[in-house]
Amino acid sequence: MTDLAALDPYLPDIRMRLHLDRLPASRGHTSRVLLSERQALGSMFSAYRRVGRKVETALDNPFSKPMTVRHIAESLDAFSPANRAAFLQYVQLLEHSKAPRWVLPVYDLGMDGMFLMDGNHRAVALYMSDKPFEVELLVLHAPVDRRILIALKYWDGGLARLWQRR
């Protein structure tokens, strides 16, 4: 176990409004996990959302559902040309070099899995690559609460959570 300061180098790249200041220090910690299994990487949730076949839907769309790394790889043709090109750029990078040792910050969702806070394009490229890989996950273990990370609203009870507050 490590303290929350381990996330400091990654905070500038996490564009998802992570509010560690709203997390009591006693309620959160980080750990590091090495991952080399393609299936486990594919089951991680990403920042991308979809409604039906439409990908890249907004977080505030009440019908949008988070996409896993596997779902993104399977739906790459549905992404905008610029975004698809960004994914494919990482895939091409991996084809012409040995797999780099990336550190990906993730949020522990408990039984629901892991949520990528940054590195979505890299994770999808690794998943699509046929090369062996090893990724270090910097895991934030904290309450699943949209006040800490807005993207968690899918998992913290959605609209029903408003009526369950005391």
For this session: Could you tell me whether any residue of region 141-157 is at pLDDT 90 or above, of a type in the set (V, I, T) and more than 24 Å from A58 (Cα to Cα)?
Result: no
Exercise. Would it be correct to say that H96 is over 18 Å from the mean Cα position of the chain (by Cα) and of a type outside the set (G, A, S)?
Worked result: yes
For this session: Among residues belonging to region 41-92 that are of a type in the set (K, R) and over 17 Å from the mean Cα position of the chain (by Cα), point out the one that is surrounded by the fewest Cβ atoms within 10 Å (Cβ to Cβ).
Result: R53
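If I go through region 58-109 residue by residue, how many of them are under 23 Å from D156 (Cβ atoms) and either in a helix (DSSP H, G or I) or among the aliphatic types (A, V, I, L, M) (or both)?
9
Taking region 15-57 as the search range and keeping residues that are in a loop (DSSP other than H, G, I, E, B), modelled with pLDDT under 85 and out of contact with any Leu (no Cβ under 8 Å at 6 or more places or on another chain), which one is farthest from A99 (Cα to Cα)? Talk me through it step by step, then tell me what you get.
As a first pass, look at region 15-57 and keep what is in a loop (DSSP other than H, G, I, E, B): 15-17, 19, 23-24, 28, 36-37, 43-44, 52-53, 56-57.
Retained after the next criterion (residues that are modelled with pLDDT under 85): 15-17, 24.
Those still in the list that are out of contact with any Leu (no Cβ under 8 Å at 6 or more places or on another chain) too: 15, 24.
Details: R15: 25, P24: 37 Å.
Checked region 15-57; the qualifying residue farthest from A99 (Cα to Cα) is P24.
This table checks each residue for (1) in the same structural domain as G52 (by TED's automatic domain parsing); (2) in contact with a Cys (Cβ under 7 Å, 6 or more places away or on another chain); (3) closer than 28 Å to L20 by Cβ.
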{"residue": "S80", "(1), (2), (3)": "yes, no, no"}
{"residue": "A86", "(1), (2), (3)": "yes, no, yes"}
{"residue": "Q92", "(1), (2), (3)": "yes, no, no"}
{"residue": "H96", "(1), (2), (3)": "yes, no, no"}
{"residue": "G110", "(1), (2), (3)": "no, no, yes"}
{"residue": "M114", "(1), (2), (3)": "no, no, yes"}
{"residue": "A123", "(1), (2), (3)": "yes, no, yes"}
{"residue": "L126", "(1), (2), (3)": "yes, no, yes"}
{"residue": "K131", "(1), (2), (3)": "yes, no, no"}
Exercise. Applying the selection to region 48-75, what residues are closer than 14 Å to H121 by Cβ, out of contact with any Pro (no Cβ under 8 Å at 6 or more places or on another chain) and touching a residue at least 40 places away in the same chain (Cβ under 8 Å)?
Worked result: V69, I72, A73
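I'm trying to understand the selection: among the residues of region 98-114, which are of a type outside the set (A, V, I, L, M, F, W, C) and free of Cβ contacts under 8 Å to residues at least 12 places away in the same chain? Don't jump to the end; show me each part of the working.
Taking region 98-114 as the starting set, the residues that turn out to be of a type outside the set (A, V, I, L, M, F, W, C) are 98, 100-101, 105, 107-108, 110, 112-113.
Within region 98-114, just P100 meets the criteria.
The values are calculated or read from the model by the stated rules, or taken from the named source; none is laboratory data. These figures come from a predicted structure and were not determined experimentally. Here the Cβ is made from the backbone with ideal geometry for all residues, glycine too, and neighbour counts use every protein chain on show.
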